[in-house]
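To keep things clear, I will list the structure first and then write my remarks on it.
The values are calculated or read from the model by the stated rules, or taken from the named source; none is laboratory data. In this text, all values refer to a predicted model and were calculated from it rather than measured experimentally. Note: ideal-geometry Cβ built from the backbone for every residue, glycine included; neighbour counts use all protein chains shown.
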Amino acid sequence: MGKTLVEKIWDAHVVKRAEGFPDILYIDTHLIHEVTSPQAFDGLRKRGLPVFRPNQTVATADHNVPTLDQHLPIKEELSRYQVDMLSKNTKEFGIELYGLGHQYQGIVHVIGPELGITLPGKTMVCGDSHTSTHGAFGAIAFGIGTSQVEQVFAAQCILQSKPKMMKIEVNGELQKGVGAKDIILYVISKITAAGGTGYFVEFAGSAIRSLSMEGRMTVCNMSIEMGARGGLIAPDETTFEYIKGREFAPKGDKWDEALAYWKTLYSDDDAEFDAVLTYDAADIQPMITYGTNPGMGIGVSQTIPATADQPESEKPSYQKALDYMGFADGESILNKPVDYVFIGSCTNSRIEDLREVAAFVAGKQKAEGVEVWIVPGSKQVEAQAIKEGIDKIFETAGFQLREPGCSACLGMNEDKIPAGKYCVSTSNRNFEGRQGPNARTMLVSPLTAAAAAITGKVVDVREFI
Amino acid sequence: MKKFEKLSSSVVPLPIENIDTDQIIPARFLKSTTRDGFGNNLFRDWRFDSDNQPKADFVMNDPKYKGQILVAGKNFGCGSSREHAAWALEDYGFTVVISSFFADIFKGNALNNGVLPITVPDEFLEKIFAVVFEDPNTEIAVDLEAQIVTIVATGDTFEFEINPYKKSCMINGYDDIDFILSHKAEIEKFEQTRPYSFYR
């Protein structure tokens with residue numbers, strides 16, 4: 001019997017497998033940031049251990065950094081201390097840091113791919129659940145807790161049981177105005193926020209294949225929002241084209257060796273999956289969430305599902321979510337007023353996202369009363385946007401182009417949405433309080449966010465293009 | 001990690017589904033660089049209002065409900081991988097969380113911090129909620145060695161699953177690093193046999 005793509009990569013990284021134990025899995029690349037690493041460094045100190053393979057670890061500051069005036073000392077004391085601690089720890093343990101002010105600084109899941117650190121066939125981990133993003137390159141990549149960060153520091157391995165395999169195929173052509181973000185919000189709305197738990201998901205099918213690397217990253221990024229440990233896509237010419245020439249990508253003979261190996265990375269025809277789901281791309285509308293988990297999504301032209309239609313045990317949680325959002329059963333989500341628009345996060349802050357938004361808003365103005373924050377995923381994205389004149393388009397439109405970081409996706413820094421306000425957001429989570437205490441989040445694609453910024457309400461972007 | 005064998009305790013019932021780790025510990029409280037003190041902010045925005053006053057209608061503010069066991073609706077711990085969620089539960093005093101379904105990363109984080117996640121069938125979970133709401137003093141007994149959870153008042157039991165390795169870690173208070181480090185020689189040998197020179 002053939003192997004799935006996940007099995008091929010997984011099996012190539014098993015140091016030891018024993019009955020009754022999780023596998024000892026070798027980790028090629030470890031990404032770290034300021035929030036989930038300090039306690040792991042402390043653990044090493046307590047045990048008197050060094051970082052075992054410091055050159056396989058890369059650090060950046062992203063979760064808790066300001067997005068204005070990054071050249072100045074961080075104002076908030078606890079945040080400054082946490083970011084300083086990362087500098088101190090990485091220096092002490094010999095780890096490369098792309099900290100504030102560095103030309104490579106940015107959201108950890110944006111910089112890995114753009115620097116050519118993320119490569120097909122690798123195992124990658126990070127103390128962040130959206131590590132699944134890197135799966136877009138045909139890597140096994142997943143989020144871990146801080147205890148596991150310490151394990152990887154100590155031995156470049158983690159203990160992990162082999163996951164079940166799921167294949168999600170999306171076939172056919174997407175409608176105009178519908179993109180990668182809509183695909184993944186649609187899939188999650190179908191299988192629920194828990195439907196992928198215990199699985200590693202391989203995304204396949206012609207609609208997935210036709211996506212750019214940025215689009216594929218958006219899809220894999222949100223695998224965790226259906227509970228899946230990770231998501232990945234078999235590498236192909238689009239992947240190789242993206243990687244070639246990047247800073248840390250293999251060069252010369254090593255490129256040829258790499259390419260030959262990468263071309264073997266696909267699920268065999270006779271590989272068996274524990275679950276297979278198939279969707280038709282043509283059924284997907286621009287999507288939007290109306291509730292407090294990413295599974296609560298609908299096409300923009302649909303109405304909010306009724307509490308009465310939910311399974312009995314889920315009714316109280318469902319009603320709680322609608323109450324939080326200030327929405328009612330059966331309401332249309334179109335024309336709902338919008339207070340804030342956030343375009344950013346590891347889901348949608350890449351140069352392609354900014355280009356798409358800029359192309360839509362060029363020559364237009366934001367609606368009165370709407371606050372629009374554009375937070376690029378990295379210093380490189382920011383520099384590219386300025387080079388292309390995208391910054392001018394945003395300025396004319398009345399949007400604020402800020403400096404790189406996770407920002408209002410999780411509201412750890414000052415970028416919080418005020419209580420009760422509605423934020424149309426390109427990020428990945430609409431949990432209660434995620435963007436600030438009592439903030440109300442609606443997750444959408446960059447294009448739908450751009451349309452909301454211009455009109456000041458939820459609209460069907462298909463009517464504008 | 002502290003050892004865990006048996007426990008009998010009253011419980012805190014939280015019959016809400018999809019409780020994500022942002023609810024368990026909101027991001028703005030993740031600025032600490034140590035593992036201590038997160039219990040104060042456990043379920044912060046459900047426990048306290050914007051003036052930091054306890055919300056009377058939240059179960060953890062109801063003196064009727066207390067104990068070392070939290071019982072919650074399905075898909076507990078979804079979302080962010082923050083281990084701070086497990087630290088907050090442990091710091092507040094919870095040793096066991098019972099649900100009909102746990103998110104993967106949370107489950108691993110809990111086990112790595114001496115907090116036992118027990119998955120029970122939907123009907124068993126409903127029964128616990130019914131019994132506890134009837135009598136808040138009712139106790140749930142957990143026997144890790146036997147892998148049995150018992151609703152003491154009714155005698156209902158369920159044999160739960162746990163990875164045998166993680167079970168022995170919990171019972172003996174070992175952590176994964178001790179185990180991995182004991183394989184250091186094999187890891188170094190594995191590195192020598194890695195066939196691809198282009199991965200750094």
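In the stretch B:114-123, the count of residues that are more than 20 Å from B:Glu159 (Cα to Cα) and either at pLDDT 95 or above or aromatic (Phe, Trp, Tyr) (or both) is zero. Selection of the stretch B:134-191 for residues being touching a residue at least 60 places away in the same chain (Cβ under 8 Å) and of a type in the set (Ser, Thr, Tyr) yields B:Thr138, B:Tyr174. If only residues of the stretch A:71-93 that are touching a Ser or Thr at 6+ places or on another chain (Cβ under 8 Å) and polar (S, T, N, Q) are counted, the one that is surrounded by the most Cβ atoms within 10 Å (Cβ to Cβ) is A:Gln82.
Checking each residue in the stretch B:130-158 for being under 27 Å from B:Asp22 (Cβ atoms) and surrounded by fewer than 17 Cβ atoms within 10 Å (Cβ to Cβ) picks out only B:Phe133. Residue count for the stretch A:94-142 under the criterion of being among the small types (Gly, Ala, Ser) and surrounded by fewer than 23 Cβ atoms within 10 Å (Cβ to Cβ): the result is 4.
A single member of A:Ala408, A:Ala362, A:Ala385, A:Ala453 is touching a Pro at 6+ places or on another chain (Cβ under 7 Å), modelled with pLDDT of 95 or more and either of a type in the set (A, V, I, L, M, F, W, C) or surrounded by fewer than 18 Cβ atoms within 10 Å (Cβ to Cβ) (or both), and it is A:Ala385. Being within 21 Å of A:Pro163 (Cα to Cα) and crowded, with 24+ Cβ neighbours inside 10 Å holds for only one residue in A:Gly195, A:Gly230, and it is A:Gly230.
Of all the residues in the stretch B:143-183, those that are out of contact with any Leu (no Cβ under 8 Å at 6 or more places or on another chain), within 12 Å of another protein chain (Cβ to nearest Cβ) and either among the β-branched types (Val, Ile, Thr) or more than 25 Å from B:Lys3 (Cα to Cα) (or both) number 1. Could you list, in sequence order, all residues of the stretch B:136-178 that are farther than 17 Å from B:Ala72 by Cα and of a type in the set (D, E, K, R)? Correct list: B:Asp143, B:Glu145, B:Asp156, B:Glu159, B:Glu161, B:Lys166, B:Lys167, B:Asp175, B:Asp176, B:Asp178. Consider A:Gly411 against the criteria (1) outside any helix (DSSP H, G or I); (2) in contact (Cβ under 8 Å) with a residue 60 or more places away in the chain: it satisfies all of them except one. Which criterion is unmet? Exception for A:Gly411: condition (2).
Where helices (runs of 4 or more DSSP H) fall wholly inside the stretch B:132-197, the ranges with 3 or more residues that are at pLDDT 95 or above and touching a strand residue (DSSP E or B) at 6+ places or on another chain (Cβ under 7 Å) are B:184-193. Residues being over 20 Å from A:Phe21 (Cα atoms), more than 14 Å from chain B (Cβ to nearest Cβ), under 19 Å from the mean Cα position of the chain (by Cα) and among the aromatic types (Phe, Trp, Tyr) are represented in the stretch A:167-186 by at least one member.
Scanning the stretch A:202-217 for residues that are farther than 12 Å from A:Val187 by Cβ and either of a type outside the set (A, V, I, L, M, F, W, C) or in the same structural domain as A:Asn348 (by TED's automatic domain parsing) (or both) yields A:Glu202, A:Ser206, A:Arg209, A:Ser210, A:Ser212, A:Glu214, A:Gly215, A:Arg216.
Applying the criterion of being within 18 Å of B:Gln23 (Cβ to Cβ) and not in a loop (DSSP other than H, G, I, E, B) to the residues of the stretch A:426-444, the residue that is nearest to the other protein chains (Cβ to nearest Cβ) is A:Thr441.
Evaluated against (1) in contact with a strand residue (DSSP E or B) (Cβ under 8 Å, 6 or more places away or on another chain); (2) within 11 Å of chain A (Cβ to nearest Cβ); (3) assigned to a helix (DSSP H, G or I), B:Met60 falls short on exactly one condition, (2). Going by the structure shown, is A:His130 within 30 Å of A:Val201 (Cα to Cα), more than 10 Å from every other protein chain (Cβ to nearest Cβ) and under 15 Å from the mean Cα position of the chain (by Cα)? In short, no. Number of residues in the stretch A:168-185 that are surrounded by fewer than 22 Cβ atoms within 10 Å (Cβ to Cβ) and either of a type outside the set (A, V, I, L, M) or not assigned by TED's automatic domain parsing to the domain that holds A:Arg17 (or both) equals 7. Say whether the condition of being modelled with pLDDT under 95 and at the interface with chain B (Cβ under 9 Å from one of its Cβ atoms) is met by at least one residue in the stretch A:138-152. No; the residues of the stretch A:138-152 include none that is modelled with pLDDT under 95 and at the interface with chain B (Cβ under 9 Å from one of its Cβ atoms). Only one of the listed residues (A:Glu247, A:Glu241) is acidic (Asp, Glu), over 20 Å from A:Asn428 (Cβ atoms) and within 14 Å of chain B (Cβ to nearest Cβ). That residue is A:Glu247. Within the stretch B:88-104, the set of residues being within 11 Å of the chain's Cα centre (by Cα) and either assigned to a helix (DSSP H, G or I) or under 19 Å from A:Met226 (Cβ atoms) (or both) comprises B:Ala88, B:Leu89, B:Glu90, B:Ser99, B:Phe102, B:Ala103. If you go through the stretch A:13-36 and pick out every residue that is more than 8 Å from every other protein chain (Cβ to nearest Cβ), part of a loop (DSSP other than H, G, I, E, B) and over 23 Å from the mean Cα position of the chain (by Cα), you end up with 4. Go through the residues of the stretch B:65-72 one by one and say whether even a single one is within 13 Å of another protein chain (Cβ to nearest Cβ) and either aliphatic (A, V, I, L, M) or touching a residue at least 40 places away in the same chain (Cβ under 8 Å) (or both). Within the stretch B:65-72 (the criterion being within 13 Å of another protein chain (Cβ to nearest Cβ) and either aliphatic (A, V, I, L, M) or touching a residue at least 40 places away in the same chain (Cβ under 8 Å) (or both)), the answer is yes, since at least one residue qualifies. Evaluate the following for A:Pro294: is it outside the structural domain of A:Glu114 (by TED's automatic domain parsing) and either crowded, with 16+ Cβ neighbours inside 10 Å or closer than 19 Å to A:Met217 by Cβ (or both)? Here the answer is yes, as A:Pro294 does meet what is asked.
Given the conditions (1) under 17 Å from A:Val149 (Cα atoms); (2) part of a helix (DSSP H, G or I); (3) within 12 Å of chain B (Cβ to nearest Cβ), which single one is not true for A:Glu92? All conditions are met except number (3). Here A:Glu403 does not qualify as among the acidic types (Asp, Glu) and buried (at least 21 other Cβ atoms within 10 Å of the Cβ).
Reported count of residues in the stretch A:131-140, each being more than 10 Å from A:Met217 (Cβ to Cβ) and either assigned by TED's automatic domain parsing to the domain that holds A:Arg350 or not in a loop (DSSP other than H, G, I, E, B) (or both), is 2. Pairing each residue of the stretch B:12-41 that is facing chain A (nearest Cβ under 7 Å) and outside any helix (DSSP H, G or I) with any residue that is crowded, with 19+ Cβ neighbours inside 10 Å and of a type in the set (Phe, Trp, Tyr), provided the two are 6+ apart or on different chains, yields C-beta distances under 7 Å for B:Asp20/A:Phe431; B:Arg35/B:Trp87.
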